[in-house]
Every structure is written in structure tokens, then in C-alpha cells.
1. If we scan the range 623-639, do we find a residue that is touching a residue at least 40 places away in the same chain (Cβ under 8 Å), over 20 Å from the mean Cα position of the chain (by Cα) and over 21 Å from E90 (Cβ atoms)?
2. Which residues, taken from the range 287-298, are buried (at least 17 other Cβ atoms within 10 Å of the Cβ) and either charged (D, E, K, R) or within 30 Å of the chain's Cα centre (by Cα) (or both)?
3. Please pick out the residue among A187, A250 that is farther than 30 Å from L115 by Cα and outside any strand (DSSP E or B).
4. Of the residues N669, N611, N625, which single one is open to solvent by 30 Å² or more (accessible area, probe 1.4 Å) and assigned to a strand (DSSP E or B)?
5. Mind listing whichever residues of the range 133-162 are outside any loop (DSSP other than H, G, I, E, B), over 28 Å from E444 (Cα atoms) and open to solvent by less than 10 Å² (accessible area, probe 1.4 Å)?
6. Residue by residue through the range 566-598, note down the ones that are hydroxyl-bearing (S, T, Y) and in a loop (DSSP other than H, G, I, E, B).
7. Just give me the residues in the range 682-706 being touching a strand residue (DSSP E or B) at 6+ places or on another chain (Cβ under 7 Å) and either surrounded by fewer than 17 Cβ atoms within 10 Å (Cβ to Cβ) or of a type in the set (D, E, K, R) (or both), in sequence order.
8. With the condition being within 30 Å of F292 (Cα to Cα) and in contact (Cβ under 8 Å) with a residue 40 or more places away in the chain, I'd like the strands (runs of 3 or more DSSP E) fully within the range 367-481 carrying at least 2 qualifying residues.
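The values are calculated or read from the model by the stated rules, or taken from the named source; none is laboratory data. Since the model is a prediction, treat every value here as computed from it, not as a measurement. Virtual Cβ from ideal backbone geometry, glycine too; neighbours counted across all protein chains shown. To get the accessible areas, we keep the full protein, side chains included, count just its heavy atoms, and leave off ligands, DNA and RNA. Shrake-Rupley method; radii C 1.70, N 1.55, O 1.52, S 1.80 Å.
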Amino acid sequence: MSLIRCIATAIVIAATSCQAAYAASEVRNDIEIIEVQGDRLAISAAAPSYFSVTLNRDDLVNRNILDTGRMFDAIPNMVSKRGFTPSNNEFGGRGLAQVINGPPACAIVVNGVPLAESKLITSRLFDVESVTFAAGPSGDIAPNALCGVISINTTRPGDNLSGRARVQLGENGHRIVEASVSGPIGADLSLGLSGYYDHSDGQLENTFLNTGADFNDGSFGARVTGVYRPSEAVTIDVIGWYAAFDVGAAYDSVVINNDPNEFLASTANRLGNSEGEDYGATIKIAADIREFFTFTSISNFTGADEENIQDLDYAHLAALPNGAFGADGPDAGRGSAGRFRYSGISQVFQDFRISRLRTGARQFGVDFGGSFFRTRYDFPAELFLDNPAVPSDMLFAGVVDPNDLIFNQALGFQTFIYALYARAEYQPFDRLTLQASLRLEEMESEQTDRGLNRALSETFSSLPWRFAANYNLGRINLFTSCGSASRAGGFNSSGLEPYGQETLTSCEAGFNSSLMDGRITLRAVGFCGRVTDYQVFALVEASQFITNIPRARICGSEGRLDYALSNHFQLYIDYGLLESSIVRAPSRPDLIGNATPNTVNHTINFGGSMNLPLGQGVELVSAFNARRIGKRIWDLENQYNQSGKTFVDARFGLKLKKLSVSIVIENLNGARAHDNFTGPPGIGREYSLGNPDGPQLFWIELGVEL
């Protein structure tokens, strides 16, 4: 560890230690408790009938959450899996894992728009106002919402001029610049503009080429937001964005002894490289019709493109002369590479909704509407003998000798989703609130194989539902709910059987509470559910496909405590406990009793923040967060398991009115882990491949606010 890093670490630890001593000096009594409804029916003041976690702007900064992977890791029982390219990151939770080239297990909603494909999220998070997670099957809200709904809301311009900027400068060429400004333009219009630039030489070293493997060669993005109020009854929000990236990808490490707990450096004779962009626009219109009706329309187009060049063989390693996919015969040891393109990924979304509210002793609300999705993308893929003399930029341009081509695939995917939904809420008396919702959804899926001139199509229908009750005891709200959600089936590569629709039915019970004059908020939930036709991704001797396990059981618990010890010091801790098991698999009886793959058995987040006035407008600010990710099970056979890992992040600095400077350390304790791991049966060789997580990183952060 360098001298400057040692000094910074000592400062952060000292500041963190003094937080608890100062905490009791001043008690805070003015905290306002705000319950977040997320994207559920928000037509009454009743507390939510589900477990929820909300991260505001300060939380995201204090916990160094810059991408969707870190965002998922900050939520109990959630887990992210970094893919070989930015558009292949996978997200799951509560024992449900995302399958590659399939939708996530949790619905991701951005500014009110559900994303049918997680491939549409390729850029980093920026100018985010809040992230809210509402747990439990939520098929009544959006497709694929088996483990819950994550709602990401970017900053909405208001009536006052505001702005902020943040600069990070750190090790290994780490440079990030973020800026935003918003305010009124006349009496009826507000505008906001935000953007970012991101660069890094890479934290992970490619030991064969002696260069950074996970480099970021200058990614950037911008967003424009407008809010127009033509009358008191009508509001129109317009959001447009564009982002581009050029990053290192597919930086696997070869694990000869097949131990998921052995962390090795990335190695390849050709750097993995992904280039791409994402873009889109959203228009939201809300109009009050008469006194008790609201009409809402949300229209969205989201698009993305990505191309990836990667080494596939590791034939340069002495222990692996023919690598993973190396050729036999006269080409033995030459190795192979691949080019993959996700071209024209796009989503068109339209939602219409009418809401009605009655007030009085018998409050009743109803929300009904319909939505439409259309998603499509092309997936050309090539595998070819590698010629190191041909640089990657030429490969991006399509320069491949036809004689070197081993495999060529050109698939096209298109889906149409139609949905009608209705939700109702009723209070028979003041303390009791009842909720019910129903969604009729139909998905038409199409796959075209241009190489074989073959087209497949299938229609999947589902009827997700949810019933809930909330009983308000004053400081404590008790709730219970039961619901269902589905994830549609689809098609595998040519010649393989399609996979079926997955359905979760689950019940849960819990409480939300506010204690000690609002200084403590406590919430917890227990749940248990049954999954029919559990979807699982399988990789057998480099052949990828998705299959179904007839039945699995998933049970667990989640909880969170927020404690404001004083005006200047806050603590939080949350946990997630999970027990999953396969209970029915006629074709694979050896799997009975195994845990579901790509899941963890527990998660813990613990941290706090402090802002201590020093006088003359100067504040001492610091924050820390510890993430515990339990035993991670990578495969159906439960053969390759990664032991639990703990990651600690911390920051310490000074704030002078609107200016701030901080020292930030990510992964303070230097924990090492894999974000992805594939054993020998999947590779088709005698070794494993792991996708290594980032090591410790240190930077200085400067901030300013208007």
C-alpha cells in the first residue's frame, strides 16, 4: 500500500472512530419520517404494505454508488453479476437470478418507465435523485417483477435555480467529472441539464500484456429534462439523454485449480474491448380531470448499441497450450477470438392510466390503465482464429479473414407485450387499509436465425395479482400480502429446445415503525414462496442455453434500522437472509435439496454519516459503509461456492458552505472476490474462468453546489 494511501486510511479510520463519541452530544428531534410508496398505488396516506429501501442523493454519494451493480448490492437480498460487457450485467435477488440474454428477476423502472431488457442500461448512474426498492412479487406493476421493483428517478427541475458539480481524481488514471444545473425559465417552464465524463486506466491488470484490463477510455453522457405547466391542471415532463462508452470487457482470470475463492489476475493476449451507446426520450403528461380524476400518459423510446471484441482461448498460457476454444491440427495453439454485437436494441413503451380518489371516512381509490412494449435487437456473433497482428479497431471495422472464421451466427429477437391492469385501495375504518391489484399480460416473442433461415414464435400469457392489508397502530404499521409475478419464456440457440415461463407465488408479513420521536425507523419482513419452472442459465462445454427446473422453494427475511443519534450523526444497518432449495426436478433427481444458483445466503449493509460543525461555516464530514455478501453459489450442482466477503468503503473531508473536498477509499480492507465464475463443465476444459472484482481504489473528490 502506498504511503499516501496509508495516511488517507489512517485519517478515515480516526474520523470514523470519533463519530460514535460525538453522536450522543446532541439529540435530534426534528426528523420527518417519509414513507416512500415507490411505483405502487399511492392514493392514500397509509404506510406501504411491503418492505422498502430508499437511497437518496446523499446516500448514493456517501456509498460511492456509481453504477447499477453497486446499486443492487446496497439492497438486502439483492445480488449483481458483472457480465462480460456493459450490456450483459445481470441482476437478481431473493433467490432468483437473471439468465444471460434474458430479462432481470426484478423490474427496473427509470422515471416511471419499466425496462423490458436490462441490456438497455449500459451507462453509469448520474444525476440520480433517488432509488427506491419495493420488495416482493410485483407483477401487477411491471413485467419480470418477481423479486420486486427498483425505481430510479433522476433529478427533476424545480422552481428555484440549483446546480452541483463533482470531480474525482485518483489512482490508475481514475477521473470522473459530473455537473448539473436546473431552474425556472419563465413562469411555466423549468429546465435541467446534466452530464458526466469517466476515464480510468483500469484497476485490474492484464499480466500478459502488462496493462489495465478494465480500462475506461473516456465514457460520457448528457441528459436534458424539462417540466412545462401550461395550466394548474396539466404538467408535462420531457426527458432526453445520450451516453457513449469505450471500456475494457471480458477480463476473465483462468483458475487452474477451480477454487472460486482463489483470486487471480486477468490474462489474455488480446484485450477485451466494448464500444457502444445508449439514448432515448420520455414524455410524461399528467392532467387533473375534474376534482377527483387524474389522467397520466407515459411515452418512451430507449435504444442502445454495443460491439465487443474479446479473446476466447488463453492459448498463450503454458499450462493451456490449446486454450479454451483453441483449434486442433495445424492451427493448434493459435487460439481464437470473438466479435459480438448487440445492434439496435430498442424499446418502445406507452402507458395510459386513470386514477380516482375519494376522501372522507371511507377512503377508496382506484387506478386502472394499459401499457404496451415493443423490444427488438439483433445479435450477430462470430468466432474466428485470432491473428494478433490485426488490431482490435480493425476487427471492430469487420476485418476478419474468411478463412479464419470458425463460427458465424446472426440472431434477431423481437417481443410485444400488452397489458391491462387495475388496482384498488379501500379503508373500511381508519386503521385498516386493504389493497388489491390484477394485471393481464400477454407477450409475443419472436426469434429469427438468419444463418439457418429459420423463424420461431411463441405467445406467453400471465395474470399477476396481489392482495395486501395494512393495520396502523400509530407508531407501528403491520402488513401482510400475497402475490404472483411471471417471467416469460423464450428461445435458445438453433437446435436447442425453448424454455418455459417462470412463475413465483409468494406471501409475506412484516412491519414498519417509527420510534423515539422519529429518531429511529425500523422495518422488517419475512417471506416464503414457490417458483414454478425456475429459469436457469446453463453452460455445458461452451454451449449456452436456458432451461427450467420444475419447482423451487424460496424463503427469507429482510430488515432495516435507521437511527439518528443526533442532528449530525446517522447510522443504518440492514440485513437479508435467504434459504432456497430445489424441490422438484424429475430429470435431475440429484439436484433435489440444492440451493438455487447464482444466489447468496445473506447480505448485510452497515454504515453511517457525520457532519460536525467546526465554526466559521466549516463542517467535518465523513461516511463509511460495510457490505457483507454471504456464501455465493455459482452452479446448479452447488459444487463451486465462493465464501462470504466483506467490502468496506469510507470517505472523510471538509465542507465550507457550498464547497467540499473529501478523501475516498473504496474497498478499504482490500477484499477480493469474483463477480462471475464458471467451472470446468461449462468451459469444457479442466479449468475454470472467473470474472474478478475490483481491488482497492483511492481518490480525492471535489464538490460544489449553487
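1. Yes, the conditions are met somewhere in the range 623-639.
2. T296, I298
3. Values: A250 fails: farther than 30 Å from L115 by Cα.
Checking each option against the conditions leaves just A187.
4. N611
5. The answer is F133, and nothing else.
6. Within the range 566-598, S587, T596 qualify.
7. If the condition is that a residue be touching a strand residue (DSSP E or B) at 6+ places or on another chain (Cβ under 7 Å) and either surrounded by fewer than 17 Cβ atoms within 10 Å (Cβ to Cβ) or of a type in the set (D, E, K, R) (or both), then D693, I700, E701, L702, V704, E705, L706 are the ones that fit.
8. Numbers: elements: 405-429, 432-449, 454-462, 465-472.
Answer list for the range 367-481: 405-429, 432-449, 465-472.
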